Amino acid sequence: MSDWSLPAALRPWHHWLQWFRPDVAVALGDLVRQLDTLPGLAASRLHDTSVTEPDGLDDLRHRGPYPRLLASEWLLAEAAPDEFLRRAVMGEHLFLMPRPRSRQVDRLILALFDAGPHQLGAPRLAHLAAWILLARRAEQAGATLRWGVLQQPGALHEAREVRNLHDLLKQRGWTLPTPAHLQQWQQSLADAALNPAECWQVGSPSARAMPQASHRLGIARALQGSDLDVLLETRTRRSRLQLPLPPEPLAQDILKGRFAPTAASNAHQKNSGRLSIKQPPILSPAGRHVAVRLLDAPGVMVFPIPGANHARGKARRQLWPDGAQPLALLLDGRTALGY
C-alpha cells in the first residue's frame, strides 16, 4: 500500500500500515490513531537514558527534608526547644545529603502482552494497535522495541516486520498471568541485565501490576455497546478511552492474520504439459495474453492475464505439425502466429 493512498491522519504510521491491504490498513490505522490520543501514548522523549539514585551519604547541608535531619539536632529539640526553633528560623539546621549516582538505562522499550482468556477476541485488536504505536514511539526515540507474553517469562521477540505481528496473534491461551509469571519476568530481566527505559504491561485492567511496569494499558470490553474500554496508567496519571471497533468482517480478517490481499481461487490454474524456459515468453500487443513454449510438444501454451477490464479465461494449448520449427512467433490476441 503506497503512502498517497493512506488518509493524511494515518500517514505517521505508514511504515507499519503498508504491511496490510488497504481496507485493513485503514481500519487498523483508525484504532492506532484513536489510541494515540491517550495522554502518555504519544511520542516518547527518552533523550536522557540515565536515572539518578542515592548511593550512600555525601555531606551535611543547611537545607533538606526533616526526615534527614541530623540526629544531634533532634536531641537539641528535646534539650533546648527554643534553640531548636531559633536554628530552624535562621536556617542553621544540618541535614544529611545522599550521594547521587547516575545509573544508565537501556534504550529499550519493553512491551509485555497478556495472551490469556480475558484478552481473546476484540482486545487483541487493541494489542496490534498498541504494538504499532510503541514501534513508532521507539523509532522516534532512537530506541528498540522488544515484546513478550506475560505467560511466557523470558521469551522476547523483535518488532521489525509483519511476521512479528503474526507471531503476536498466535500467542493466545487459557492461562491467566500469575504472580509467579511476574516474578519470573523480573528475574529474567535481571539475569539478562536488561534495564528498559520503559516497560509496558498490556492486558486486563484487573491484572496484578508488574513491579517494573512504567505504563499499564488495560483493555476490556465496555459495559455497554461493542466498544473497548482502554485505561492507561502511569506513575503520575490515569486516562481512559472508549475505542470503537472496526466492522466485524474486517475485525475477523485482522484477528485471523489475513493482512495481505488474497488471490482468487481461480487465479492459478493447473495445466498439463511442461513449459520450456529456454525461450522467453511472448506478450500480446494488448497485454492480455502471454505465450510460453512447450517443452514436450511442438507448440505453445497461451495464458490469459487477469485484469480489471476483461474477463478471466482459460489457458489454451496451440500446437503445430511435428517437425515444424517456427523461425519467429507473434502473439495476436490469443493466437500464436509462426513464421
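Side notes on the structure shown:
- Remark: accessible surface ordering of Lys278, Lys170 (largest first) is Lys278, Lys170, probe radius 1.4 Å.
- Here the chain exposes an accessible surface that is 54 percent carbon and sulfur, computed with a 1.4 Å probe and the other protein chains kept in place.
- Going by accessible surface with a 1.4 Å probe and the largest first, Met301, Met97, Met90 read Met90, Met97, Met301.
- Once the Cα atoms are used to define both axes, helix 123-140 deviates from the longest principal axis of the chain by about 80 degrees.
- Proximal charge balance of Asp167 [Cβ under 13 Å; K/R count +1, D/E count -1]: +4
- Cβ charges +1 (Lys, Arg) and -1 (Asp, Glu), total dipole of the chain, debye: 1600 debye
- As a calculated quantity, the FRET efficiency between Trp74 and Ala180 at R0 = 45 Å, using C-beta atoms, amounts to about 0.55.
- Placing one equal scatterer on every Cα of the chain and applying the Debye formula, the log10 ratio I(q)/I(0) at q = 0.10 Å⁻¹ is -0.79.
- J(HN,Hα) series, segment 15-25, from Karplus relation 6.51 cos²θ - 1.76 cosθ + 1.60, nearest Hz, glycine and proline x: 4, 9, 6, 5, 6, 10, 5, x, 5, 5, 4
The values are calculated or read from the model by the stated rules, or taken from the named source; none is laboratory data. Note that the coordinates shown come from a computational prediction; the quantities given were computed from them, not determined experimentally. As a convention, Cβ positions derive from the backbone with ideal geometry for all residues, glycine included, and neighbour counts pool all protein chains shown. Heavy atoms of the whole protein, side chains included, go into the accessibility calculation; ligands, DNA and RNA do not. Shrake-Rupley method; radii C 1.70, N 1.55, O 1.52, S 1.80 Å.
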